[in-house]
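Working notes, beginning with the structure itself.
Here, each number is a calculation from the coordinates, and none is a lab measurement. Only a predicted model underlies this, so the values are computations on that prediction, with no experimental measurement involved. Reconstructed Cβ throughout: ideal geometry from the backbone, glycine too, with neighbour counts over all protein chains shown.
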Amino acid sequence: MKALILAAGYGTRVYPLTMDLPKALLPVAGKPVINYLVEEIEQTGRVDDIFVVTNNKFFDQFEDWMQQLDVRMGIEILNDGTDYNENRLGAIGDIALTIEKANLKDNLLVAASDNIFGFSFKKLCRFYEEQQTDCITVRVLEDVRKLRTTGVAELDDAFRVISFTEKPESPRSTLACPPVYIFRNDTLPLIGEYLRRGGNPDAPGFFIEWLVGQKPVHAFQFDEPRYNIGDLELYRAVCSVFEQNVAEPTSKGCVNHA
């Protein structure tokens, strides 16, 4: 299995902190946000290479970051060639670019770089191996306003996705889909097909919404916290939670920032 970390955004909602620093490299409790992802991916024991796709503006910073890592996996930084938020490729566009540039043929774990997840990626991989289908992740989210800003799934009793809507005005369930997915290798060509048909290249959930109509997709449900570095206020809140947990290792005070 390969892994892809999406880090080509410009972090405009976290200005001024991200005017010259990508969100993924912002520190949380003494280490960059992206390091939490790399650690989880490494602990799966199934991934041999990680690709990080970023933009031209932040490419050199990710190259420098990579040189400081001590991991057993191969890591490659890819430049999507964009320089401004206005001409960004979108997350799905960056996935397609990575598949083409790296000539990916393996199963692919995809995660957004501006999130910290409390659940075990190793358990997600086990679930994927049991299902042998494309897999998304879901977590119960009761706030309807927040549900309208994310992907929302409906599942049957076997955890198969029976409907999925990205940013629904009227959510049909309380199962929010954070940006962590595992795609089968035979699904990777479908990403290019989706884009050629005029699919929205932005949030990955738009591709999931289309994919559910093409082939079986299952959902790994977790209850652990998910921390989203979506804007400046959320970033400060996440830092506060993690700094408190470092000071008080036995604290149970983690809250969800979905």
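Taking Lys and Arg as +1 and Asp and Glu as -1, the other residues whose beta-carbon sits under 13 Å from that of N56 total -3.
The length gained by stretching the chain between D49 and D157 to full extension, at 0.36 nm per residue less their Cα-Cα distance, is 35.5 nm. Of all DSSP beta bridges confined to the chain, the antiparallel ones make up roughly 50%. If R0 is taken as 22 Å, the Cβ-Cβ distance between E243 and L21 corresponds to a FRET efficiency of 0.70.
Listed by chain and number, the lysines placed with their C-alpha closer than 20 angstrom to that of K105 are K2, K215; residues fewer than eight positions away on the same chain are left out. With N the number of residues in the stretch 76-204, Rg(Cα) / (2.2 N^0.38 Å) evaluates to 1.10.
Between V138 and F220, Q221, F222, the built amide H atoms are under 5 Å apart, and every one of these is 5 or more places off in sequence or on another chain. Taking the centroid of alpha carbons for each part, the stretch 56-121 and the stretch 186-229 are 17 Å apart. Using 30 Å as the Cα-Cα cut-off, could you pick out the over-long pairs in K31/K57; K101/K146; K123/K146? From the list (K31/K57; K101/K146; K123/K146), the Cα-Cα distance tops 30 Å for K101/K146. With kT/(6 pi eta Rh) evaluated at 4 °C and eta = 1.567 mPa s, and Rh the Kirkwood radius from Cα pairs, the stretch 2-247 diffuses with a coefficient of 71 µm²/s according to Stokes-Einstein. In the chain, helical runs assigned H by DSSP with n ≥ 4 each contribute -39500 (n - 2.57); averaged across all residues and rounded to the nearest 500, the mean residue ellipticity at 222 nm is -9000 deg cm²/dmol. Relative intensity of the stretch 1-127 on a log10 scale, I(q)/I(0) at q = 0.12, 0.23 Å⁻¹, equals -0.42, -1.54, per a Debye sum over C-alpha point scatterers of equal strength in the absence of solvent. Model label points for Y84 and Q132, set 7 angstrom from Cα along the Cα-to-Cβ axis, are 5.0 nm apart.
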